[in-house]
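What follows is a structure written as structure tokens; I'll ask about it next.
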Amino acid sequence: MSEQQIHRADANESPYPPVPAVREAIVDAAARINRYPEVYPTALAEAIAAHHRVPVDQVAVGAGGAGLIQQMLHLVARGRRRGEVLAAWRSFEGYPLIAEGMGVPLRRVPLRGYAHDLAAMAKAVRRRTKLVFLCSPNNPTGVPIRQDDLERFLARVPRRVFVVLDEVYRDFATDPATADGPATLPGHPNLIVLRSFSKSYGLAGLRVGYALGHPGPIAALRGVTMPFLVPETARAAAIAALAAEPEYVARRRAVTAERDRVTAALRAVGVDVPASEGNFVWLPLGARTAGFAAACRARGLQVHSFDGEGVRVTVGLPDSNDVLLEVARSGEFVRG
């Protein structure tokens, strides 16, 4: 086992190293780490604004998606009457974990199959509800929210309730019906779109995320941002990554092509894999989950196991994906 290659497919990381321009930007920035970075990463916010063609006052930068989620929950928690939040379940594990750590009540609305039950979530909104998390494509099932369904949901939710559309995997979506957060922002002042450099730009180790929204809520997010939040190396890398967009587009295409290959192969051996629009696939194995995860570990493949529910596997390079398919075809997990 010590000589076996370990395939990391449990954290939805990019399998690719930084592109040359990003590596060069990091090396150049490293020469300046004896100095503090910008109090607020204005240059990065301006680059993000230019990328999305929005005014800079509609951009808030944070320490990855999780850091911005924490900032949003901080806004919910303050004041004399602490609000509550809603989230679909199963969805991103960070929502309840961060909320619990901050003492913010979170109610979970079950998925409908593998997708958000937006009608049930709209009905679940009550006077105490201040914020709703929507994850599209959903982590871990990979199913996105459709644009028409998002529009209907926003029409039903009171404008006093903020809707956070978590789109950290949106760059991998190829289905044209998938909701587009930035395009939906006009006319919806209570919508906040969450994006990250961790997944599609492969900068997970540098922790840079951002939110797009109307100036009011974005100013509130900026107001609870710690000074010097984004290190100089991370700021430089993110700006360089935006400038290298064509290279990242090619990488995303390679990932989505592998995702589609893996999905078809898993379905061919009887695994009911939902159509994913992220950089991962969901295997709803139920009682077979532990056995499948153990069989993967035995072959050096690290997967994210949800006991009794299923396994989420990051789409990596072909050799990593082939290990997954070998396990699925072997049927060993049935005896696990």
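The values are calculated or read from the model by the stated rules, or taken from the named source; none is laboratory data. Since the structure is predicted, the reported quantities are computational estimates derived from the model, not experimental observations. Cβ coordinates were reconstructed from backbone atoms using ideal geometry, including for glycine residues, and neighbour counts include every protein chain displayed.
Each row is one residue, and each column tells you yes or no for (1) within 28 Å of Arg81 (Cα to Cα); (2) in contact with a Gly (Cβ under 8 Å, 6 or more places away or on another chain).
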position	(1), (2)
Leu111	no, no
Asp148	no, no
Val168	no, yes
Asp175	no, no
Ile192	yes, yes
Arg195	no, yes
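With respect to Arg251, is the statement that it is charged (D, E, K, R), in the same structural domain as Arg90 (by TED's automatic domain parsing) and over 30 Å from Trp89 (Cβ atoms) true? Please lay out each step first, then the result.
Numbers: charged (D, E, K, R): yes; in the same structural domain as Arg90 (by TED's automatic domain parsing): no; over 30 Å from Trp89 (Cβ atoms): yes.
So Arg251 does not fit the description; no.
Still on this model: For the stretch 189-216, which residues satisfy the criterion of being over 12 Å from the mean Cα position of the chain (by Cα) and either surrounded by fewer than 20 Cβ atoms within 10 Å (Cβ to Cβ) or not assigned by TED's automatic domain parsing to the domain that holds Asn139 (or both)?
Listed by number, the residues that qualify are Pro189, Asn190, Gly205, Arg207, His214, Pro215, Gly216.
Out of the residues in the stretch 91-104 that are within 14 Å of the chain's Cα centre (by Cα) and either surrounded by 18 or more Cβ atoms within 10 Å (Cβ to Cβ) or modelled with pLDDT under 95 (or both), state the one that is farthest from Met121 (Cα to Cα).
Gly94
Another question, if that's okay. Please give the number of the condition Phe133 fails out of (1) closer than 21 Å to Glu277 by Cα; (2) of a type in the set (Phe, Trp, Tyr); (3) touching a Pro at 6+ places or on another chain (Cβ under 9 Å).
Here Phe133 clears every test but (3).
Okay, moving on. Just to check your reading of the model, which residue among Glu332, Glu309, Glu277, Glu326 is at pLDDT below 95, of a type in the set (Asp, Glu) and more than 25 Å from Arg23 (Cβ to Cβ)?
Sole residue among the options that is at pLDDT below 95, of a type in the set (Asp, Glu) and more than 25 Å from Arg23 (Cβ to Cβ): Glu332.
Criterion first (assigned by TED's automatic domain parsing to the domain that holds Leu73, surrounded by fewer than 16 Cβ atoms within 10 Å (Cβ to Cβ) and over 22 Å from the mean Cα position of the chain (by Cα)) does Pro227 satisfy it?
Answer is yes for this residue.
Go through the stretch 255-289 and report how many residues are of a type in the set (A, V, I, L, M), touching a strand residue (DSSP E or B) at 6+ places or on another chain (Cβ under 9 Å), in contact (Cβ under 8 Å) with a residue 24 or more places away in the chain and not in a helix (DSSP H, G or I).
Within the stretch 255-289, the first condition is being of a type in the set (A, V, I, L, M), and the residues that meet it are 255, 257, 262, 264-266, 268-269, 271, 273, 275, 281, 283, 285, 287.
Still in the list and also touching a strand residue (DSSP E or B) at 6+ places or on another chain (Cβ under 9 Å): 262, 266, 271, 273, 281, 283, 285.
Within this subset, residues satisfying the condition of being in contact (Cβ under 8 Å) with a residue 24 or more places away in the chain are 262, 266, 271, 281, 283, 285.
Now restrict to residues that are not in a helix (DSSP H, G or I): 271, 281, 283, 285.
Going through the stretch 255-289 one residue at a time, the tally reaches 4.
Here is a further query. Determine if the stretch 53-66 includes at least one residue that is more than 30 Å from Arg127 (Cβ to Cβ), surrounded by fewer than 13 Cβ atoms within 10 Å (Cβ to Cβ) and either in the same structural domain as Lys199 (by TED's automatic domain parsing) or modelled with pLDDT of 95 or more (or both).
Yes; the residues of the stretch 53-66 include at least one that is more than 30 Å from Arg127 (Cβ to Cβ), surrounded by fewer than 13 Cβ atoms within 10 Å (Cβ to Cβ) and either in the same structural domain as Lys199 (by TED's automatic domain parsing) or modelled with pLDDT of 95 or more (or both).
Mind counting the residues in the stretch 84-115 that are closer than 17 Å to Phe162 by Cα and either not in a helix (DSSP H, G or I) or not assigned by TED's automatic domain parsing to the domain that holds Ile69 (or both)?
11
Scan the stretch 67-86 for residues that are among the hydrophobic types (A, V, I, L, M, F, W, C), surrounded by 20 or more Cβ atoms within 10 Å (Cβ to Cβ) and in contact (Cβ under 8 Å) with a residue 60 or more places away in the chain and report the count.
Number satisfying all stated conditions: 3.
Here's something else I'd like to know. Take Tyr36 and tell me if it is in a loop (DSSP other than H, G, I, E, B) and within 13 Å of Pro231 (Cα to Cα). Steps first, please.
Values: in a loop (DSSP other than H, G, I, E, B): yes; within 13 Å of Pro231 (Cα to Cα): yes.
Yes.
For the stretch 117-136, check the following and say yes or no: at least one residue is assigned to a helix (DSSP H, G or I), buried (at least 19 other Cβ atoms within 10 Å of the Cβ), in the same structural domain as Asp57 (by TED's automatic domain parsing) and out of contact with any Lys or Arg (no Cβ under 8 Å at 6 or more places or on another chain).
yes
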